[in-house]
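S.K.: The structure follows.
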Amino acid sequence: MELLVPPPPGSGKSLMERVEDSLLPLINLVFLLLMFFMVAGQMAATPLPELPNVSEPRSPQSPEADLLVKSGTDWSVEGQSVNADTLLSTLSEPEANRELRIAADRTVTMSDLERLFRLLEDGGYENVILLTEPRQ
């Protein structure tokens with residue numbers, strides 16, 4: 001049987017020994033990369049500085065919404081309390097290029113919102129935005 005790659009003259013090493021010798025630099029490179037990322041990961045664990053004006057507490061204010069939902073059926077439009085029967089007559093007429101902005105309390109369940117959305121859909125409101133507040 002003839003060798004696929006003949007050994008260089010005078011080396012005396014087989015093909016397998018030469019492959020093993022050429023893998024050693026690759027193993028060293030992988031080890032050095034591993035060490036680099038371990039050290040870089042430790043240096044990045046420092047906390048970020050606080051951004052200016054972030055720590056100042058915001059004054060609680062009502063969002064600029066067309067409809068406030070405080071609980072399942074406790075709704076208000078411009079400070080006036082409404083129910084399912086008077087909601088559509090109290091809201092302004094739906095417009096194609098204007099969204100209806102709804103602000104809901106965090107205690108309102110999704111099933112309550114679903115009932116409200118169906119009522120609004122039956123009233124002709126196609127564009128509805130649910131306003132949210134980021135956690136602090």
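No lab work stands behind these numbers, since they all come straight from the coordinates. Quantities reported herein were computed from a predicted structural model and do not represent experimental measurements. When we count neighbours, we look across all protein chains shown, and the Cβ atoms used for this are built from the backbone with ideal geometry, even at glycine.
S.K.: Between L33 and E78, what is the FRET efficiency for a Förster distance of 41 Å, r being their Cβ-Cβ separation, to the nearest 0.05?
M.R.: 0.05
S.K.: Follow-up. Could you tell me, in Å, what Rg and Dmax come out for the Cα atoms of the stretch 67-131?
M.R.: Looking at the stretch 67-131, its Cα Rg and Dmax stand at 10.8, 30 Å.
S.K.: Counting only C-alpha contacts under 8 Å and six or more residues apart, can you give the relative contact order of the stretch 67-131 as a whole percent?
M.R.: Here the relative contact order equals 39 percent.
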